[in-house]
Amino acid sequence: MRKTILFLYLLIPMYLLGQTEHYYYKGKKIPLFVDENKICISIPKVSEKASEKIFANIKVLGKINDEIFNISVIHRSELKKITSLNLWKEYAKSVLLTSCYKTTENAEVSLTPYLNVQLKKEKDIDLLTAYAEKYGLKIVRNSRLMPLWYILAVTPDSDKSPLECANMIWESGKFAASVPDFCSDDLNCSNDPLFDEQWGLNNNNYTSIDISACAAWNYATGKNVKIAILDTGIDLNHIDLVSNISNLSYDTETGSSPSIIYGDHGTHCAGIAAAIKDNGIHIAGVAPDATIVSISNLMDTTTNSRLKRADGIIWAYQNGVDIISNSWGSATHHDAIENAIRDAFRYGRQGKGCIIVFSSGNGSLNNVGYPANCNDTILAVGAINEAGMRVTSSNYGDKIDLVAPGDFILSTLPNDRVGPRTGTSMACPHVAGVAALILERNPELTVTEVNHIINSNAKKISGVNFNITKPDGSWNNEYGYGLVDAYNSVINTPSVVYLQNDTITGTNVITATKIYVGKDVTDRKEQGDVVLGPGNITLEAESVEIKNSTTVPVGTVLVIGD
């Protein structure tokens, strides 16, 4: 058997590349194809210094959660880089390397340091112990709820991979089952046929370089949130957008409704933000249940264009839009645009402020373009590629807030088509979509609060030095606070609880006695007889229990979160 795990001083043998291997399932050999580009590196957590030194010198594609090992997936070229360093001789003993594979269905799987073995009967534990010693394995524990199943791990004393060990244990005929432990992305995230090509939502090649949309959709999809796309107009009948399109739209050129299609740019941006998910058609948007509001503008070859765009911003907030996505810039400054943006922050969303997102511009400049740079409450977004590197043309500088996927982004085009586009224009609606997920979770948040959630929960891209401290965390001149992260943003959004009318008595209060506040049942503290309200109450807790005689005025909002 060929070895697919390396310890100590060994480099990658050529026979690991492009080979076919297998594991056993119900006695049958299931083929696996070695991934020539990736490898899995595991370092025991007790060797913390080794982890720090080695991972500081390599770019990580993805991490795998584990209690015993620090496990990451890296490019094989990164391994060549660290084996050439002096530190390799010192720390190589602590490093376990296992192959990554593709299945016959082209799914990507990573071999972890573990294997799972099922005994035929309880007394076979002695037999398992003997095989563990034979192959240099450690018995970690048995399954908590299936006691005949055991978890074993390879050690530096193993001279074979977990895959080889699992196969040899099965081939002994003495055990009910023996399988290597593989890690893979097993979420059934979307049934849209082109979803696998949307690397910005779920990156199959660089697993940490996406916005973590799949995980976020377990908590929010943008319901009841309106995203305006101020652009060249949207195909209002596009098959992958139509059920999310608002019946309100506006054309800034004529000052009337409906909006008009002046190009394909607006439709493309709309699909990124909120294309329908799980309809078996084309793609999925970041906020697949959000409402899309089309505001059209020619963007060029027209007079008074900047004043008309300012009209579009005013129309948006006056017509109940929550988020305004702007994938455009202006070569000259205009007070009307700035006034409109200021008013949308001041009066939009019943005084809580519209969330306004702008692309940073595509001039390859160390200076965020206008009007993205004209107001600090704007979210200015740059573009990265699939590997996490700034798109060369993407503007950056001291006004950049964060980055989002913006290279070869697949999205909707007029006449029921789809196609790829590149630029900060594509990055901007990713962030608008994330803002919609947040507002579904808590529509009471102000624009400043939403911006803080997005910025402070951005992913820190491996290899980028976020060495500047700003109000929302560590920051970098090219990447801002990092890559927008839908999942972290959503789970760190404080929830909002509305008191329902059917619990209110004729005196407009809840009849109660005590209120208990705490993060969980074990630390819940009695606050005694209290009166909540008038107005909104923020409680630093995850759970609230209301008992008899506490008075809560109708309409009071309890905002609950850490």
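In this view, the solvent-accessible surface of H22, computed with a 1.4 Å probe and all protein chains in place, comes to about 40 Å².
Globularity index of the stretch 176-303 is 1.29 (Cα radius of gyration / 2.2 N^0.38 Å, N = number of residues).
Across the stretch 357-475, Cα-Cα pairs more than 20 Å apart make up 43 percent of the total. Inter-part distance, the stretch 342-364 to the stretch 380-406, computed on C-alpha centroids, equals 19 Å. Altogether, the Stokes-Einstein calculation at 37 °C and 0.692 mPa s, with the Kirkwood radius of the stretch 67-174 over Cα pairs as Rh, returns a diffusion coefficient of 209 µm²/s.
Cβ-Cβ distance of R417 and K26, R₀ of 41 Å, FRET efficiency by 1/(1 + (r/R0)^6): the value works out to about 0.35. The distance separating the Cα centre of the stretch 134-154 from that of the stretch 237-313 comes to 56 Å. In this simple spin-label approximation, N106 and E36 carry label points 7 Å from Cα along the Cα→Cβ vector, and these lie 1.7 nm apart. Distances between every pair of Cα atoms in the stretch 242-298, grouped in 10 Å steps from 0 to the bin holding the largest one, split as 26, 49, 23, 3 percent. Under 25 Å of direct C-alpha separation, and excluding same-chain neighbours fewer than eight residues apart, K80 reaches these lysines: K3, K38, K45, K49, K53, K59, K63, K89, K93, K102, K160, K460.
Other residues within the sphere of radius under 15 Å centred on the Cβ of N465, judged by their own Cβ, net out at +4 (K and R +1, D and E -1).
Annotation for the stretch 86-160: trypsin sites (Lys or Arg not before Pro) lying in DSSP loop with at most 16 further Cβ atoms inside 10 Å of their Cβ are K120, K121, R144. Quick one: go through the stretch 404-429 and flag any residue whose amide nitrogen is under 16 Å from the point 7 Å out along the Cα-to-Cβ line of S364. Answer for this model: 423-424.
The values are calculated or read from the model by the stated rules, or taken from the named source; none is laboratory data. Quick caveat, the model's predicted, so the values are computed rather than measured. Using ideal geometry, Cβ is built from the backbone for each residue, glycine included, and neighbour counts are taken over all protein chains shown. Note: areas computed on protein heavy atoms with side chains; ligands, DNA, RNA excluded. Shrake-Rupley method; radii C 1.70, N 1.55, O 1.52, S 1.80 Å.
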